[in-house]
Amino acid sequence: MEKFVLKYFNLIRTIIAILIGFAVSVLILVIVSTSSIESIKYLFLGPFMSVSRIGNIVELATPIIFCGIAIAIPFQASQFNVGAEGTFFISAAFGTAFALIIQKLNLPGFIYIVLVLTFATLFGGFWGFIPGYLKARFKANMVVLTLMLNYAAYFLSIYLINYHFRDKSAGFLTSYRLPENIFLKQFVPNTRIHIGFLIAIASVFIAYYFLYHTTLGYEIRMVGFNFHFAKYSGIDVFKVIVLSSVIGGLFAGLGGMAEVMGIHRRFLWQSLPGYGWDGVVVAIIGKNNPILIMFASLFLAYLRIGGRVLNLLSDVPFEMVGVIESIIILLITAEAFLENVKYRITVKEAEKEVFKNGSLS
Amino acid sequence: MDPFLKSILSTSFLFSVLRVATPIIFPALGVAISALSGSVNIALEGIMLVSAFTGVVVSAYTQNLWISLFSAILAGVFIALLLGYFSLKLKADIILAAIALNLFSSSITVFLLYIIAHDKGVSSSLKSLVFPSVKFAFLEKIPILSGIFNNQNILVYIAFLSVFVYYLIVFHTPLGLKIRAVGQNPEAASSVGVDVVKIKLYALILSGVFGALGGVYLSMGYVSWFGRDMTAGRGFIAIAASSIGGNLPLGTFFGSFLFGVVYALTNFLAPLNIPSEIIQVIPYIVTIIVLTFYSARVSKEKEVGEE
């Protein structure tokens, strides 16, 4: 038992953090809601009540998975690049513009899709290059740079769509509709789960392979693990900082365009959708490991859909979920949380070993 | 003279510069003092939101400015203490903990706003108070200065005063000396008996107080209501402002002032028929450029120092 606890300590700690988050949410619902039992049921079971809601979980998890990977790759190098939010947005905007411009070429569907997704992905890489280069070359603060770039991305995208690609017949601020042959197919009946989800899953494994089985991935992790050691053992830190940002940007760009082509079919955001910040949340919960990030994204999406059901059917607002999320991340990032438990178990185990080996004799 | 230039050179332009610079000066001082102690506080966004919200709600219920001010400061310090507890005691990365606290503040304020006022957007249904504007009789007679400095909200003057208080704390108190020592070399400070964790915590508390004042100004001076995510990134702009100013009192003030100028320009350029998005993007681009230049200069100095 103790050995099991030690081996899976991080996982157990994460689960305990989540359980504490759940306990707090139950407590809030008991205090705030007039029909607490019902509300608790909506929050936790609501997301599984119908096929379309389960579909909603997968739909919502899709962009979060992309952004989670986009955040995790620079985070692995200890670069606090929180630019996925803006990269996702501006790549979707420029990708939509690109798709509308080359519409006249009447390309066959598959080539058209690949071309547009590639363009948006590369655009994301370009947007990721900016903070990566400024950080590596001038040592500018990565968090501040990427925060500012998020705002810049937002205003530039809105300008591009509203002034140059606005569909004036739509009755609201949005781009022209994309042509039908570029849609990513929604392949599960009664839901909007689309091909983008499969691309997200593929991205998870590509990112995992990249981080843990390639030289550059190793270098990225090494820079994050010990900057000076990495530097003096001959790793090109400049290259690692720039490329980790660029590669993160690629995934965010791909995710942004896939979301437009799979769900909305036009660029209709008028404010930042927040997937980049969700990406930070899942990267923290998933310890920057793409596979764990995939599960964390599904979990976060489940929590959000629960919040939406709660918002819809009870007297408790959706924002409660944000409170719960923040408690969970705080506990997970707190390295000393439960550390004394681990310490005690380790000591006990060590004592046992000593007795068993009979080293008293 | 060109009518555009005329409007920029008018006293009302400088008046509005001070007005919009104030909610950056406060959090910038907050960032600066935490940065001096060696850990940058990026939770000012959350601290301001929570204080702005607390000020409005408490003033609506008590109709007393002093009690609302006091509770708003307490609320801001509470968030700063949480940040301190998680980063210093529980060894969380301070950036990640701050991101979590920003999310927490943004959610809890909207959540409580809905519970209290049944509105998720603004608090206009609450009868909250605002801090008064001040008219100085002696300024009346001076033509230009009066137009710029007179009739500002009292918190604008407190922002100026705070820069001075910041200077006093940092350079003329034992605490300030310890904060700088801890920031420059924690091991050395610790070896002469300074409790590093405690000093960092004090710096965070001060940072919470400055941030809280910024929040109070936003919801009880700049405007007269609390709005969802009303800080709109000022807590982040503040990081740029204080790093431009090297975390020094006057530098931080001028960094914030620079952003005030850009923001005020945004308003004054509006009639010029330029798409508003293009004008609104300027402050962020300016931040990126200035921050890059500043960092390049500092890192060069450091390298020279290392040789």
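For B:F131, state whether it is among the aromatic types (F, W, Y), more than 8 Å from chain A (Cβ to nearest Cβ) and within 19 Å of the chain's Cα centre (by Cα). Explain how you work it out, then say what you get.
Working: among the aromatic types (F, W, Y): yes; more than 8 Å from chain A (Cβ to nearest Cβ): yes; within 19 Å of the chain's Cα centre (by Cα): yes.
Judged against the criteria, B:F131 is a match.
Considering only region B:18-32, I want to know if a residue exists there that is in contact with a Phe, Trp or Tyr (Cβ under 6 Å, 6 or more places away or on another chain), surrounded by fewer than 24 Cβ atoms within 10 Å (Cβ to Cβ) and more than 10 Å from chain A (Cβ to nearest Cβ).
Looking for residues that are in contact with a Phe, Trp or Tyr (Cβ under 6 Å, 6 or more places away or on another chain), surrounded by fewer than 24 Cβ atoms within 10 Å (Cβ to Cβ) and more than 10 Å from chain A (Cβ to nearest Cβ), one finds at least one in region B:18-32, hence yes.
In region B:222-247, what residues are touching a Phe, Trp or Tyr at 6+ places or on another chain (Cβ under 8 Å), at pLDDT 90 or above and surrounded by fewer than 24 Cβ atoms within 10 Å (Cβ to Cβ)?
Within region B:222-247, no residue meets the criteria.
Scanning for something surrounded by fewer than 17 Cβ atoms within 10 Å (Cβ to Cβ), in a helix (DSSP H, G or I) and within 11 Å of chain A (Cβ to nearest Cβ), does region B:248-256 turn up at least one residue?
No - not one qualifying residue is present in region B:248-256.
Given region B:120-208, what helices (runs of 4 or more DSSP H) lie entirely inside it while holding 1 or more residues that are touching a helix residue (DSSP H, G or I) at 6+ places or on another chain (Cβ under 8 Å) and within 17 Å of B:A35 (Cα to Cα)? Reasoning before the result, please.
Details: elements: B:137-140, B:143-149, B:154-172, B:174-184, B:186-191.
Output list reads B:154-172, B:174-184, B:186-191.
For region B:86-100, which residues satisfy the criterion of being at the interface with chain A (Cβ under 7 Å from one of its Cβ atoms) and of a type in the set (A, V, I, L, M)?
Across region B:86-100, the qualifying residues are B:L90, B:A92, B:I95, B:L96, B:A97, B:I99, B:A100.
Could you check region A:130-164 and list, in sequence order, the residues that are of a type in the set (A, V, I, L, M, F, W, C), closer than 27 Å to A:I199 by Cβ, within 19 Å of the chain's Cα centre (by Cα) and more than 8 Å from chain B (Cβ to nearest Cβ)?
Within region A:130-164, just A:A153 meets the criteria.
Cβ-Cβ below 8 Å, separation at least six or inter-chain, first residue in region B:58-84 and of a type in the set (F, W, Y), second surrounded by 20 or more Cβ atoms within 10 Å (Cβ to Cβ): which pairs?
Partner pairs satisfying both residue conditions: B:F78/B:V50; B:F78/B:G208.
Does A:Y208 satisfy the criteria of being within 19 Å of the chain's Cα centre (by Cα) and within 14 Å of chain B (Cβ to nearest Cβ)?
Details: within 19 Å of the chain's Cα centre (by Cα): yes; within 14 Å of chain B (Cβ to nearest Cβ): no.
Taking the combined requirement at face value, the residue does not satisfy it.
Name the single residue that is surrounded by the most Cβ atoms within 10 Å (Cβ to Cβ) among those in region A:312-345 being more than 7 Å from every other protein chain (Cβ to nearest Cβ) and touching an Asp or Glu at 6+ places or on another chain (Cβ under 9 Å).
The first filter runs over region A:312-345 and keeps only residues more than 7 Å from every other protein chain (Cβ to nearest Cβ), leaving A:312-316, A:318, A:321, A:324, A:327-328, A:331-332, A:338-345.
Remaining after also requiring touching an Asp or Glu at 6+ places or on another chain (Cβ under 9 Å): A:313-314, A:345.
Details: A:L313: 15, A:S314: 21, A:I345: 16.
Of everything passing the filter in region A:312-345, A:S314 is surrounded by the most Cβ atoms within 10 Å (Cβ to Cβ).
Would you mind telling me which numbered condition in (1) more than 14 Å from chain B (Cβ to nearest Cβ); (2) of a type in the set (F, W, Y); (3) buried (at least 24 other Cβ atoms within 10 Å of the Cβ) A:F110 fails?
Failed condition: (3).
Restricting region A:13-34 to residues that are assigned to a helix (DSSP H, G or I) and of a type outside the set (A, V, I, L, M, F, W, C), which is surrounded by the most Cβ atoms within 10 Å (Cβ to Cβ)? Let's see the steps before the verdict.
Step one: filter region A:13-34 for residues assigned to a helix (DSSP H, G or I), giving A:13-32.
Add one more test, that the residue is of a type outside the set (A, V, I, L, M, F, W, C), and what stays is A:13-14, A:21, A:25.
On the way: A:R13: 19, A:T14: 20, A:G21: 22, A:S25: 24.
That would be A:S25.
Out of A:S52, A:S78, which single residue is in a helix (DSSP H, G or I) and over 13 Å from the mean Cα position of the chain (by Cα)?
On the way: A:S78 fails: in a helix (DSSP H, G or I).
Residue meeting the stated conditions: A:S52.
The values are calculated or read from the model by the stated rules, or taken from the named source; none is laboratory data. Just so it is clear, the structure is predicted and the values come from calculations on it, not from any experiment. Here Cβ is always computed from backbone atoms with ideal geometry, including for glycine, and neighbour counts include all displayed protein chains.
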